[in-house]
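Engineer: The structure follows.
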Amino acid sequence: MTEPDAPPPGRWQSATVVRVTKETERAKTFRLMLPEVSRHLAGQHYVVRLTAADGYSASRSYSVASPPDESAYIELTVERLEDGEVSSYMHDVVVPGDQLEVRGPVGGWFVWRGDTPALLVGGGSGIVPLMAMLRLARRSGRCDLVRLVVSVRCPDELCYAEELPGPETTVVYTREAPSLGARPPGHLGEEDLRNALLSGATAYVCGSSGFADHVTGLLARLAVPAKRIRVERFGPTN
Ligand SMILES: Cc1cc2nc3c(=O)[nH]c(=O)nc-3n(C[C@H](O)[C@H](O)[C@H](O)COP(=O)(O)OP(=O)(O)OC[C@H]3O[C@@H](n4cnc5c(N)ncnc54)[C@H](O)[C@@H]3O)c2cc1C
C-alpha cells in the first residue's frame with residue numbers, strides 16, 4: 001500500500017492527541033497523530049485552531065519538535081502563558097484522545113535540511129524548532145554539522161533536559177545555574193556563540209523578539225553575514 005502525499009498546508013485536518021508529556025512547570029509536549037503522513041522539514045510549524053461552540057475561533061502557530069520521520073506523528077511543545085488564550089487551553093483542557101484542528105506544515109525559510117553547518121540559538125521555548133534540527137542531526141549521524149546554544153533562566157525551565165546534553169549542545173542560564181563550577185549565570189554573550197560557531201555555518205535564531213534582536217546583534221559582531229542568519233520570532237512584536 002502506498003502512503004498518501006501530505007496535504008497542502010492550506011487544508012485543515014483533524015489530529016488526535018495521543019500523548020501529553022510535561023517538559024517543565026510551564027511547557028508540555030503534545031504528540032499528535034495526523035490522518036496522513038507529515039512531510040514536515042526541521043524548523044517548520046503547524047497552525048492549531050480552536051473553535052468554541054459559538055463559532056469563535058483562535059489560531060496559533062506551534063513549531064514541530066520531532067524530526068522529519070515520514071510518519072503520521074508530530075510533536076508540538078507549548079509553553080503556557082498565564083493570560084494566553086490558546087496555550088492555557090492546550091495546557092489546562094487538552095488530554096489524550098482529544099481532536100485538534102491543525103494545518104501545516106508551514107514555513108520554507110526557517111528550515112534546516114540536515115546537510116549544511118548550522119548554529120542553532122534558542123531562547124526559552126524558542127528551542128522547539130531547533131530541537132527538530134538537533135534530533136535530525138543526531139538521527140542521521142551528522143552532529144558534526146550542528147551546534148546548539150539554548151538560553152533559559154534556570155534549570156527548571158529547560159525543555160528536553162534529559163535528551164539535550166551532548167558535545168554539540170550548550171545551555172546558558174541567565175539567572176540561576178545548576179551547580180558550582182558551571183558557567184556563572186548571565187545573559188548570552190559573544191563568547192558563548194563564538195565557541196559554537198562552525199566555519200560557514202548558517203545561524204538559526206528562535207525566541208522572543210528581544211532575544212532574537214540580542215542574538216542577531218551578537219552574530220553581527222562575530223561577522224556572521226546577514227544572509228546567513230535566519231530568525232523565527234515567537235512573541236508579540238511590541
Ligand atoms: C512560527 C511560530 C512558531 C511558534 N512556535 C511555538 C512553539 O513551538 N511553542 C510555543 O510555546 N509557542 C510558539 N509560538 C508562539 C505561539 O504561536 C503563541 O503566540 C503563544 O502560544 C501565545 O498564544 P496564546 O494564545 O496562549 O496567547 P495570546 O492570547 O495570543 O497572548 C497572551 C498575552 O501574551 C503575549 N504573548 C503572545 N505570545 C507570546 C509569546 N510567545 N511570549 C510571550 N508573550 C506572548 C500577548 O501579547 C498577550 O499579552 C510560535 C509562534 C510562531 C509565530
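Each reported figure results from applying straightforward, stated rules to the coordinates on display, with no laboratory input. Note that this is a predicted model, so its numbers are computed, not measured. Neighbour counts run over all protein chains shown; Cβ positions are idealised from the backbone, glycine included.
Engineer: Would you mind telling me the antiparallel percentage of the DSSP bridges in the chain, rounded to 5? Before the final figure, lay out the partial values.
Structural biologist: Working: 30 of 51 bridges.
For the chain, the DSSP antiparallel bridge percentage is about 60.
Engineer: If I take every Cα pair under 8 Å that is 6 or more residues apart in region 1-120, average their sequence separation and divide by the length, what percent do I get for the relative contact order?
Structural biologist: Relative contact order comes out at 34 percent.
Engineer: Note the direction-averaged projected area, equal to a quarter of the hull surface, for the Cα convex hull of region 13-106, in nm². Don't skip to the answer; put the middle values down first.
Structural biologist: Values: hull surface 23.1 nm².
Across all orientations, region 13-106 yields a mean hull projection of 5.8 nm².
Engineer: How large is the helix-only mean residue ellipticity at 222 nm for the chain, computed as the sum of -39500 (n - 2.57) over DSSP H runs with n ≥ 4, divided by its residue count, in deg cm²/dmol to the nearest 500?
Structural biologist: On the way: 4 runs with 39 residues, N = 238.
Helix-only estimate at 222 nm: -5000 deg cm²/dmol.
Engineer: Mind telling me which of T16, T169, T51 comes out most flexible in a GNM of the chain, alpha-carbon contacts under 10 Å?
Structural biologist: T51
Engineer: Can you tell me the 0 to 90 degree angle between the C-alpha axis of helix 127-139 and the longest principal axis of the chain, rounded to 10?
Structural biologist: The helix 127-139 is inclined about 80 degrees to the chain.
Engineer: Separate question: Can I get the semi-axes of the chain's equivalent ellipsoid? Compute them from the C-alpha gyration tensor as square roots of 5 times the eigenvalues, in angstrom, largest first. Spell out each step's value before the answer.
Structural biologist: On the way: eigenvalues 175, 86, 54 Å².
They are 30, 21, 16 Å, listed largest first.
Engineer: Would you look at the GNM of the chain, springs on alpha carbons closer than 10 Å, and say which of G104, G207, G186 moves the most?
Structural biologist: G186
Engineer: At a 10 angstrom cut-off on C-beta neighbours, averaged per residue, how do the peptides 33-42, 59-68 rank from highest to lowest?
Structural biologist: The densest-packed peptide leads the list: 59-68, 33-42.
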